[in-house]
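Q: Quick one: the structure is below, questions incoming.
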Amino acid sequence: NQTVTKTLFVGGEGSIRDMQVPFTVSGTNGTLSQQPLDWHEYQARGYVFWAPHDWVSLRAEYRWDRQVRSKDFNDGSTQVETTRVPLGVGLFHPSGVSFNLTGTFTTQIGNFTGINDDRSRSGSDSFWLLDAGLSYRLPDRYGILMVGATNLTDKNFYFHDTDPNNAIIQPSRMVFARLTLALP
């Protein structure tokens, strides 16, 4: 993270991870055995945050992720490359009310195997998603109440989430409410 001016911040990060992941393999006679399979992850992120006014913040990010797995892994993907570019604006009123709007361009290309449904294929998809939220900061900073929506336009797309237990993109519109408390 680098502070360029009092209101402009830029930064970036990257990581490479090479692993041997234990995987259970079924033999021809019905026996199960553990087999280590190769798994490689590459990630990079760059961002610019700017606050041109006390009530306004702007952000632009670039996120790149590439995962390469052994063909024997059979979880639905052997190679996936994803690029995400979130562009956002936040408006903050001194009363504690704030609004944020983020448009995210996403493109993904990969080799998808082992999926037992009609979406099994190799290929790519590119799409824009729009997320919005309205929040209120409780008096004395005791918490935040937020109402928001992800995939606001209910965009249909093909996206293979490499970690389905921690999804980063909602496949359909989702409206939510969240209360975060910070008690003394």
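The values are calculated or read from the model by the stated rules, or taken from the named source; none is laboratory data. The model shown is predicted, which means the values in this text are computed figures rather than measured ones. Positions of Cβ are backbone-derived with ideal geometry, glycine not excepted, and every protein chain shown enters the neighbour counts. Ligands, DNA and RNA are stripped out before the accessible areas are found, and what is left, the full protein with its side chains, is counted by its heavy atoms. Shrake-Rupley method; radii C 1.70, N 1.55, O 1.52, S 1.80 Å.
Q: What about SER126, is it under 15 Å from THR82 (Cα atoms), assigned to a strand (DSSP E or B) and among the small types (Gly, Ala, Ser)? If you could, list the steps in order and put the result at the bottom.
A: Details: under 15 Å from THR82 (Cα atoms): yes; assigned to a strand (DSSP E or B): yes; among the small types (Gly, Ala, Ser): yes.
Yes; evaluated as a whole, the condition is true for this residue.
Q: Kindly list, by first and then second residue, each pair from a residue in region 46-62 that is touching a residue at least 40 places away in the same chain (Cβ under 8 Å) and small (Gly, Ala, Ser) to a residue that is in a strand (DSSP E or B) and open to solvent by less than 80 Å² (accessible area, probe 1.4 Å), limited to pairs with Cβ atoms under 7 Å and residues at least 6 apart or on different chains.
A: Listed by first residue and then by second, the contacts come to ALA51/SER57.
Q: Restrict the check to region 95-117 and report whether at least one residue is touching a Leu at 6+ places or on another chain (Cβ under 6 Å), in a loop (DSSP other than H, G, I, E, B), modelled with pLDDT under 95 and open to solvent by 30 Å² or more (accessible area, probe 1.4 Å).
A: Looking through region 95-117, none of the residues is touching a Leu at 6+ places or on another chain (Cβ under 6 Å), in a loop (DSSP other than H, G, I, E, B), modelled with pLDDT under 95 and open to solvent by 30 Å² or more (accessible area, probe 1.4 Å).
Q: Here is a further query. Does GLN2 qualify as being surrounded by 15 or more Cβ atoms within 10 Å (Cβ to Cβ) and more than 30 Å from PRO139 (Cβ to Cβ)?
A: On the way: surrounded by 15 or more Cβ atoms within 10 Å (Cβ to Cβ): no; more than 30 Å from PRO139 (Cβ to Cβ): yes.
Taking the combined requirement at face value, the residue does not satisfy it.
Q: Would you tally the residues in region 130-181 being closer than 28 Å to ASN111 by Cα and among the small types (Gly, Ala, Ser)?
A: So the count comes out to 2.
Q: Considering only region 129-156, how many residues are part of a loop (DSSP other than H, G, I, E, B) and free of Cβ contacts under 8 Å to residues at least 40 places away in the same chain? Write out each step before concluding.
A: At the first step, the residues of region 129-156 found to be part of a loop (DSSP other than H, G, I, E, B) are 138, 142, 151-156.
Filter again for free of Cβ contacts under 8 Å to residues at least 40 places away in the same chain, leaving 151-156.
Matching residues across region 129-156 total 6.
Q: What is the residue count in region 118-166 for residues that are at pLDDT below 85 and open to solvent by 60 Å² or more (accessible area, probe 1.4 Å)?
A: 9
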